[in-house]
Amino acid sequence: MKKVALVTGSSRGIGRAAAYRLAHDGYAVCVNYLERKDKAEELVELLRKDGCEAIAVQADVAKRAAVDAMVKKTEEALGPVTLLVNNAGVAGQAQFQDVTDELWDRYFSVNLNGARNTIQAVLPHMLHEKSGCIINVSSIWGQHGASCEVTYSCTKHALIGLTRSLAMELAPSGIRVNCVAPGVINTDMVKVLGDEVLKDLAEQTPLGRLGTPEDIAHAVAYLASDKASFITGQVLAVDGAFIL
């Protein structure tokens, strides 16, 4: 069966690194983006130069119709999705009493409902084939919580619950569902915290550095591979021992 991966939020950061790694592991890859068409097309061009098969598709994962259209485009161009990586997400800091309805709803719409939308869109074919792999990208804050990131942490906790419950439901159909929980990763999302904060976070990490998008991509690639064929319902923390 042809290997086809859909990686949401993959124009930059962790998603980009995952798409790049999976493409070089033999997957035809759909690079999903919301706004950065330039970065998505840049990645697709790079992959094609390396002899990989890839397309870029714009979609807001929070919108079911957009997700359904993206999956249809992927199937028409590459084939049915055999690997789904739910990476698209939004994050930010705010004291809980300042969290607005708009912020709360947007975070849940993207981080949690987005995963639901994509899973439900690709699942019919996986169920028919009794084969497939789903990897959700949570966070260490989805395992332990974080001050001033209550909304984000709630969505990432929910993703872990989704992963574990869905893994049990889909295991009889031969579909594996796992989760990666990144620590502090050096991406645009965390660079907004400033150099001093990032230096402090690196010092708090027992391995003494921030993680890289490639660190997470390697974990995703492993969970997607046959080497992990007996692994499902698990949360793999990739955090330099930050939360031990």
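Over segment 51-136, accessible surface divided per residue gives 47 Å², non-protein components excluded, 1.4 Å probe.
Only sites in a loop by DSSP and with at most 12 other Cβ atoms within 10 Å count here; which trypsin sites (Lys or Arg not before Pro) in segment 1-85 make the cut?
Working: sites: K2, K3, R12, R16, R21, R36, K37, K39, R48, K49, K63, R64, K72, K73; in loops: K2, K3, R12, R36, K63.
Within segment 1-85, the qualifying trypsin sites (Lys or Arg not before Pro) (loop, at most 12 other Cβ atoms within 10 Å) are K2.
Helix-only arithmetic for the chain: the sum of -39500 (n - 2.57) across DSSP H runs with n ≥ 4, divided by the residue total, places the mean residue ellipticity at 222 nm at -15000 deg cm²/dmol. Assuming charge only on the beta carbon of Lys and Arg (+1) and of Asp and Glu (-1), the dipole of segment 146-244 about its Cα centre is about 360 debye to the nearest 20.
In this model, which of K156/K191; K39/K73; K73/K156; K63/K156; K37/K227; K49/K156 are farther than 25 Å apart at the alpha-carbon? Write down the numbers at each step before the final one.
Numbers: K156/K191 20 Å; K39/K73 19 Å; K73/K156 28 Å; K63/K156 19 Å; K37/K227 34 Å; K49/K156 35 Å.
Exceeds cut-off: K73/K156; K37/K227; K49/K156.
The value of relative contact order for segment 119-244, using C-alpha pairs under 8 Å at least six residues apart, is 30 percent.
Compute the Cα gyration tensor for the chain, then decide on rounded, prolate or oblate, letting a ≥ b ≥ c be the square roots of its eigenvalues: rounded whenever a/c is under 1.5, prolate when a/b is larger than b/c in the other cases, and oblate in all that remain.
Details: a/c = 1.44, a/b = 1.37, b/c = 1.05.
Rounded shape, in that the Cα axes give a/c under 1.5.
Amide H contacts of K3: A28, each under 5 Å away and 5 or more positions distant or on a separate chain (H built 1.01 Å from N in the peptide plane; Pro and chain starts excluded). Taking only protein heavy atoms and a 1.4 Å probe, the accessible area of segment 103-210 is 55% carbon and sulfur.
Each Lys or Arg adds one and each Asp or Glu subtracts one; over the other residues with Cβ under 12 Å from the Cβ of V99, this totals -4. Dipole magnitude for segment 138-203: computed about the Cα centre from +1 point charges on Lys and Arg Cβ and -1 point charges on Asp and Glu Cβ, it is near 360 debye. Ranking V61, G92, M126 by how far each Cα lies toward the positive end of the dipole of segment 56-133 (charges on Cβ) leaves M126 at the top.
The residues neighbouring Y20, those whose beta-carbon lies less than 11 Å from its own, together hold a net charge of -1 under the Lys/Arg +1, Asp/Glu -1 convention.
Computed from backbone phi, the HN-Hα couplings of segment 74-82 come to 5, 4, 5, 8, 10, x, x, 6, 9 Hz, rounded to whole numbers (Karplus: 6.51 cos²θ - 1.76 cosθ + 1.60, θ = phi - 60°; Gly and Pro given as x). Per-peptide packing, taken as the mean over residues of other Cβ atoms within 10 Å, places 224-231, 89-96, 74-81 in the sequence 74-81, 89-96, 224-231 from highest down.
Of the peptides 189-197, 114-122, the ranking by mean beta-carbon count within 10 Å, highest at the top, reads 114-122, 189-197. Taking the C-alpha atoms only, the angle from helix 213-224 to the longest principal axis of the chain is near 40 degrees.
The values are calculated or read from the model by the stated rules, or taken from the named source; none is laboratory data. Bear in mind that the values here come from a model prediction, so they are computed numbers and not experimental data. Positions of Cβ are backbone-derived with ideal geometry, glycine not excepted, and every protein chain shown enters the neighbour counts. The area values use the complete protein model at the heavy-atom level, side chains included, leaving out ligands, DNA and RNA. Shrake-Rupley method; radii C 1.70, N 1.55, O 1.52, S 1.80 Å.
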